[in-house]
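S.K.: Quick one: the structure is below, and I'll ask about it shortly.
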Amino acid sequence: MIEEVHFGGIYVPTALVTAVISVVLVYFLRMPMQRLPLHRFIWQPALLDLAAFTLIWWGLSAAADFIPHFRLHY
């Protein structure tokens, strides 16, 4: 069964929630990574961002299976 999160009467897929969280994490992770000298040697920085997003999204989705299910009521 597909899990959903309840936000104020609206059911949102869990995949969408974890994707939004991972986009925010990649955004905040990109700023310190750009200051490192290693970032200059990367051929396509956008591919690094995409890989980081994919890994973080996968990690959050895998971790969501271990978090007890609860409903958020706002």
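The values are calculated or read from the model by the stated rules, or taken from the named source; none is laboratory data. Note that the structure is a prediction, hence the values are computed from the model and not measured. A quick note on method: Cβ atoms are made from the backbone with ideal geometry, for glycine too, and the neighbour counts reach across all protein chains shown. Ligands, DNA and RNA are stripped out before the accessible areas are found, and what is left, the full protein with its side chains, is counted by its heavy atoms. Shrake-Rupley method; radii C 1.70, N 1.55, O 1.52, S 1.80 Å.
S.K.: In whole percent, how big is the carbon plus sulfur part of the accessible area of the chain, probe 1.4 Å, protein atoms only?
M.R.: 73
S.K.: Which semi-axes, in whole Å and largest first, does the equivalent ellipsoid of the chain have when worked out from the alpha carbon gyration tensor as the square roots of 5 times its eigenvalues?
M.R.: Each semi-axis is √(5λ); the values are 31, 12, 10 Å.
S.K.: For labels at ALA62 and VAL12 in the simple 7 Å Cα→Cβ model, what's the distance in nm?
M.R.: 2.4
S.K.: Okay, moving on. Name the residue from HIS39, VAL20, ILE10 whose Cα lies farthest towards the positive end of the charge dipole of the chain, charges +1 on Cβ of Lys and Arg and -1 on Cβ of Asp and Glu.
M.R.: Positive-end residue among those listed: HIS39.
S.K.: Another question, then. Label-point separation (nm) for LEU25 and ALA51, each offset 7 Å from Cα along Cα-to-Cβ?
M.R.: Each label point lies 7 Å from its Cα, and together they span 1.7 nm.
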